[in-house]
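S.K.: First the structure, then my questions, so here it is.
Here, each number is a calculation from the coordinates, and none is a lab measurement. In this text, all values refer to a predicted model and were calculated from it rather than measured experimentally. Note: ideal-geometry Cβ built from the backbone for every residue, glycine included; neighbour counts use all protein chains shown.
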Amino acid sequence: MNRPSDNPTEDRCSPSATTLTAWDRHHLWHAFTQMAEYEPLIIERAEGCLLYDIEGNSYIDGVSSLWCNVHGHRHPHLDQAITDQLAKVAHVTSLGLSSPTPIRLAQRLAELAPGELEHVFFASDGSAAVEVAVKMAFQYWQQCADPKPAKQHFVTFSDSYHGDTLGSVSVGGIARFQAIFEPLLFKTFQLPIPDSYRSPTGVNAADLCDHHLRHLEEILAEHHEQIAAVIIEPLIQGAAGIVFHPQGFLAGVRELTKRYNVLLIADEVAVGFGRTGTLFACEQEKVTPDLMCLGKGLTGGYLPMSATLATTDIWNAFLGKHAESRTFFHGHTYGANPLAAAVALATLELFEQEQTLEQMPEKSARLGKLLEEIRSLPHVGDVRHKGLMGAVELVRDVDTKEPFPWEEQRGAEVCQFAIKHGVWLRPLGNVIVIMPPLSISLSQLDQVLEAIQLGITTLADSIADQGTATGECSTD
Ligand SMILES: *Cc1c(COP(=O)(O)O)cnc(C)c1O
């Protein structure tokens with residue numbers, strides 16, 4: 001593609017929609033996007049759960065700006081928190097200096113987090129929070145009170161997602177994203193995904209949890225002397241397609257890691273901050289990990305910030321005289337940024353002021369009811385949700401659970417339909433993801449699910465038509 005020519009009559013500070021679209025296609029390299037096929041949708045402003053594009057069309061934000069918005073866009077309390085902080089200072093480095101707002105945020109997170117997760121390391125993205133946790137776990141075993149320097153490896157789950165830096169990709173398990181980088185990654189012990197919808201052959205639903213825990217125990221029993229940590233997305237594997245672990249699995253993993261003297265890293269980047277109905281997903285199985293990664297919803301979807309929380313036992317392993325080199329030699333320029341910390345604190349305040357978690361059961365129940373109406377539609381293999389984290393999984397064959405080939409982008413077809421009907425959604429392969437801001441109203445939730453329902457019906461009709469046109473038997 002050629003460089004878009006500048007229109008000399010246009011003001012560079014207020015380009016027309018056409019110019020913006022051309023610049024967007026050419027200059028802005030979008031995340032996880034095939035730029036050769038990219039179709040711009042340019043959002044100029046937002047309010048609550050509504051996004052407005054440069055043509056003035058509005059869309060309900062059905063996936064909370066990629067899973068991070070919590071209390072809606074342009075919330076006056078959050079906007080004010082940033083303005084107030086801006087009147088003091090925008091950035092103070094955390095290398096050798098400190099600032100009241102990030103100090104208060106660290107204290108507040110320590111207070112809210114389960115157990116003894118008292119020590120908070122700030123970075124800017126979820127990937128970095130995971131990178132930090134992985135490095136901390138590794139270094140911990142080199143220098144804890146009873147060092148085990150052979151513990152250098154990690155146990156991971158297939159199809160897990162922990163971010164895009166090389167360390168976080170190494171502990172991830174989404175083959176399609178990481179295949180090309182394989183030579184750059186470190187090896188892990190990878191276990192199969194504990195997927196409640198797709199049990200391995202011969203394993204019934206009631207045994208699924210024990211089946212996967214047995215797998216883990218075999219690895220730990222044989223290799224625990226080389227294993228630093230198990231890393232897990234608690235309860236739900238997000239990017240895998242909102243895959244639900246069997247109930248009790250997380251608690252079982254915690255018990256086994258304790259028994260085999262292995263650390264547990266809980267990556268709450270997607271499930272944290274109320275998404276599954278409790279502030280942190282770990283609470284639902286009364287689990288305290290050794291390291292907990294937070295991101296996405298931490299600032300309510302306003303500014304980049306992430307955090308890695310560590311127990312006092314881990315913290316203690318890093319204490320000593322400077323010359324002992326027990327320091328954690330890691331840090332990011334914008335770590336503990338006061339503006340981000342201000343909006344994170346305000347986000348946490350809103351959980352109380354607006355009783356966000358108290359309102360979750362009603363919204364979650366509504367989402368559940370609407371999903372049940374979708375369950376019986378053709379090509380719907382499964383619907384599932386916890387809190388306001390929901391999914392519709394499309395399959396080619398409902399009985400065998402045979403997926404549509406990913407290249408067919410069936411999820412994207414339904415989401416495109418929804419976008420035309422005023423609901424912005426972004427799928428994961430064949431899975432339609434429903435993750436609105438927690439502040440979404442019941443009637444907006446109805447509209448989101450209605451758009452999905454119509455989209456699936458339209459998709460199913462077109463598949464049925466193609467089937468008839470090519471003389472195939474329709475199985476619907
Ligand atoms: C999104 C995500 C990450 C990565 O966070 P970024 O801010 O995109 O780097 C890590 N872990 C989980 C579970 C996620 O969903």
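S.K.: Contact order normalised by length for the chain, with contacts defined as Cα pairs under 8 Å and 6 or more residues apart; what percent is it? Write out the running numbers ahead of the final one.
M.R.: Working: 876 pairs, mean separation 92.9, N = 476.
The normalised contact order for the chain reaches 20 percent.
S.K.: In the chain, which helices (entire DSSP H runs) extend 20 Å or more along their own long axis, judged by Cα positions, while averaging at least 1.0 on the Kyte-Doolittle scale? Display every interim value, and only then the final one.
M.R.: On the way: long enough: 126-143 (26 Å, 0.18); 208-223 (23 Å, -0.46); 338-353 (22 Å, 1.15); 356-375 (27 Å, -0.72); 442-469 (40 Å, 0.41).
Passing helices, by number: 338-353.
S.K.: List the chymotrypsin sites (Phe, Trp or Tyr not before Pro) in segment 109-200 that DSSP assigns to loop (not H, G, I, E or B) and whose Cβ has at most 14 other Cβ atoms within 10 Å. Which are they?
M.R.: Within segment 109-200, the qualifying chymotrypsin sites (Phe, Trp or Tyr not before Pro) (loop, at most 14 other Cβ atoms within 10 Å) are 186.
S.K.: Okay, next question. Which loop trypsin sites (Lys or Arg not before Pro) in segment 1-103, with loop taken from DSSP, have no more than 10 other Cβ atoms within 10 angstrom of their Cβ?
M.R.: Working: sites: 12, 25, 45, 74, 88; in loops: 12, 74, 88.
Within segment 1-103, the qualifying trypsin sites (Lys or Arg not before Pro) (loop, at most 10 other Cβ atoms within 10 Å) are 12.
S.K.: If you don't mind, another one. How long is the gain from residue 54 to residue 354 if the chain were fully straight, where each residue apart is worth 0.36 nm and the alpha carbon distance is subtracted? Provide the component values of the computation, followed by the final result.
M.R.: Values: separation 300, 0.36 × 300 = 108.00 nm, distance 3.09 nm.
Result for the pair: 104.9 nm of gain on full extension.
S.K.: How large is the Rg to Rh ratio of segment 305-344 when both quantities use alpha carbon positions and Rh follows Kirkwood?
M.R.: Details: Rg = 13.1 Å, Rh = 12.2 Å.
Expressed as Rg/Rh, it is 1.07.
S.K.: Continuing with this model, one more query. Exposure proxy check: 276, 188 ranked by fewest other beta carbons within 10 Å?
M.R.: Details: 276 25, 188 18.
Ranked by crowding around the Cβ, least crowded first: 188, 276.
S.K.: Also, I was wondering about something else. For residue 186 and residue 110, what is the calculated FRET efficiency with R₀ set at 30 Å and r taken between the beta-carbons, to the nearest 0.05?
M.R.: Numbers: r = 30 Å, r/R0 = 1.02.
Once rounded, the FRET efficiency stands at 0.50.
S.K.: Can you give the FRET efficiency for residue 87 and residue 47, using 1/(1 + (r/R0)^6), R0 = 25 Å, r = Cβ-Cβ distance, to the nearest 0.05? Present the calculation step by step, with values, prior to reporting the outcome.
M.R.: Working: r = 24 Å, r/R0 = 0.96.
So the FRET efficiency works out to roughly 0.55.
S.K.: Determine how many Å³ per residue the convex hull of the Cα atoms of the chain encloses. Could the numbers behind the result be given before it?
M.R.: Numbers: hull volume 84.2 nm³, N = 476.
Considering the Cα atoms of the chain, their hull volume per residue is 177 Å³.
S.K.: Now for a different question. Please list the radius of gyration and Dmax for segment 174-311, considering alpha-carbon atoms only, with Å as the unit.
M.R.: 15.4, 47
S.K.: Modelling each spin label as a point 7 Å along the Cα-to-Cβ direction, I'd like the residue 373/residue 443 distance in nm, to one decimal.
M.R.: 1.5
S.K.: Can you pull the percent of Cα pairs in segment 338-405 with separation above 18 Å? List each step's numbers first, then the result.
M.R.: Numbers: 1285 of 2278 pairs.
Distances greater than 18 Å cover 56 percent of the Cα pairs.
S.K.: Which of the chymotrypsin sites (Phe, Trp or Tyr not before Pro) found in segment 259-334 are in a DSSP loop and have at most 12 neighbouring Cβ atoms, other than their own, within 10 Å?
M.R.: Here the chymotrypsin sites (Phe, Trp or Tyr not before Pro) that fit, given the DSSP loop and packing criteria, are 329.
S.K.: Between segment 284-313 and segment 201-254, how many Å separate their Cα centres?
M.R.: Segment 284-313 and segment 201-254 have Cα centres separated by 20 Å.
S.K.: How far apart, in nanometres, would the label points at residue 205 and residue 412 be if each is projected 7 angstrom from Cα along the Cα-to-Cβ direction?
M.R.: Going by the 7 Å Cα→Cβ label model, 3.3 nm.
S.K.: Name all residues of segment 172-200 having a backbone nitrogen under 19 Å from the label point set 7 Å from the Cα of residue 259 along its Cα→Cβ direction, giving them as ranges.
M.R.: Within reach of a label on residue 259, which here means backbone N under 19 Å from a point 7 Å along Cα→Cβ, segment 172-200 contributes 191-192, 194.
S.K.: Please give the length that would be gained between residue 316 and residue 176 if that part of the chain were fully extended, namely 0.36 nm times their separation in residues minus their C-alpha to C-alpha distance (nm, one decimal).
M.R.: Details: separation 140, 0.36 × 140 = 50.40 nm, distance 3.89 nm.
Computed gain between residue 316 and residue 176 is 46.5 nm.
S.K.: May I pose another question? Check the straight Cα-Cα distances from residue 187 and name the lysines below 30 Å, setting aside those fewer than 8 residues away within the same chain.
M.R.: Result set, ordered by chain and number: 135, 148, 151, 258, 296.
S.K.: Turning to a different aspect of this structure: Rounded to the nearest 5, what is the percent of antiparallel bridges among the DSSP beta bridges in the chain?
M.R.: Details: 32 of 47 bridges.
Rounded to the nearest five, the antiparallel share is 70 percent.
S.K.: Shifting gears a bit: With labels modelled as points extended 7 Å from the Cα through the Cβ direction, what inter-label distance (nm, one decimal) is found for residue 37 paired with residue 450?
M.R.: So the label points at residue 37 and residue 450 sit 3.1 nm apart.
S.K.: Give me the one-decimal Kirkwood hydrodynamic radius in Å for segment 46-174, with the sum taken over alpha-carbon pairs.
M.R.: On the way: mean 1/r = 0.0542 Å⁻¹.
With all distinct Cα pairs of segment 46-174 included, I get 18.5 Å.
S.K.: Working out 0.36 nm times the residue gap between residue 464 and residue 27, then minus their Cα-Cα distance, what length gain in nm do you get to one decimal?
M.R.: Values: separation 437, 0.36 × 437 = 157.32 nm, distance 4.03 nm.
Gain on extension, residue 464 to residue 27, equals 153.3 nm.
S.K.: Relative to the compact-globule scaling 2.2 N^0.38 Å, provide the ratio for the alpha-carbon radius of gyration of segment 386-454. All intermediate terms of the calculation are to be shown ahead of the outcome.
M.R.: Working: Rg = 12.5 Å, N = 69, 2.2 N^0.38 = 11.0 Å.
Taking the Cα Rg and dividing by 2.2 N^0.38 Å, one obtains 1.13.
S.K.: For segment 295-371, what is the convex hull volume of the alpha-carbon atoms per residue, in Å³? Mind showing how you got there, number by number?
M.R.: On the way: hull volume 12.2 nm³, N = 77.
Output value, Cα hull per residue: 158 Å³.
S.K.: For the chain, what is the calculated [θ] at 222 nm in deg cm²/dmol (nearest 500), taking -39500 (n - 2.57) for each run of four or more DSSP H residues and dividing by its residue count? Numbers along the way, then the final one.
M.R.: Details: 14 runs with 174 residues, N = 476.
Here the helix-only value at 222 nm equals -11500 deg cm²/dmol.
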